Amino acid sequence: MTFSQFIEEVAGRVYLPKETVRLIYDAMVDVIYEKTRAGQTVWLKRLGSTVFSTYQGRLTDGRTVPKVRFNLSNELKAAAKEIDMEKLGVQTDEEKNKTASETKNCPACGAALKQNTNVPTCPNCGTEPFETKKED
């Protein structure tokens, strides 16, 4: 469902013009952003215990950075399970089981990769094989 379709669906349910619903949505999102930036938790009723909050995340090099956490409510988790939705909202047609034989190796040296971040890391080469090269 696209954003426009979402707005149209909500407008039809509450018998309001689409532009009014869009303004209400924008105002809600603005409040969530402002309160989150101020370090406040925002609880959204009917989504259960959904929380937008800031916390200090730790990077692999020891630095801390501010992050925003989104906790799904039990009600939303149950709804996702009813349609067999996987974590992160990705729905697949077939179930894939990862096995040790599917371990990826470094393209430069062939060593087994560590996958503790978004970028695979080779114990010998680091992230260099996965960094894009700039053309001068």
### Task
Hey, could you check segment 45-92 for residues that are among the aliphatic types (A, V, I, L, M), closer than 30 Å to Lys114 by Cβ and in a loop (DSSP other than H, G, I, E, B) and say which is modelled with the lowest pLDDT?
Val90
### Task
Go through the residues of segment 19-37 one by one and say whether even a single one is exposed (fewer than 13 other Cβ atoms within 10 Å of the Cβ) and part of a loop (DSSP other than H, G, I, E, B).
no
### Message
Filter segment 66-79 down to the residues that are free of Cβ contacts under 8 Å to residues at least 12 places away in the same chain and more than 15 Å from the chain's Cα centre (by Cα) and list them by number.
### Response
Ala78, Ala79
### Query
Out of (1) modelled with pLDDT under 70; (2) surrounded by 10 or more Cβ atoms within 10 Å (Cβ to Cβ); (3) part of a helix (DSSP H, G or I), what's the single condition that is false for Ser101?
(2)
### Query
Which one is modelled with the highest pLDDT, of the residues in segment 1-18 that are loosely packed, with under 13 Cβ neighbours inside 10 Å and of a type in the set (A, V, I, L, M)?
Val14
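The values are calculated or read from the model by the stated rules, or taken from the named source; none is laboratory data. The shown structure was predicted, so the numbers you read here are calculated from the model rather than taken from an experiment. A quick note on method: Cβ atoms are made from the backbone with ideal geometry, for glycine too, and the neighbour counts reach across all protein chains shown.
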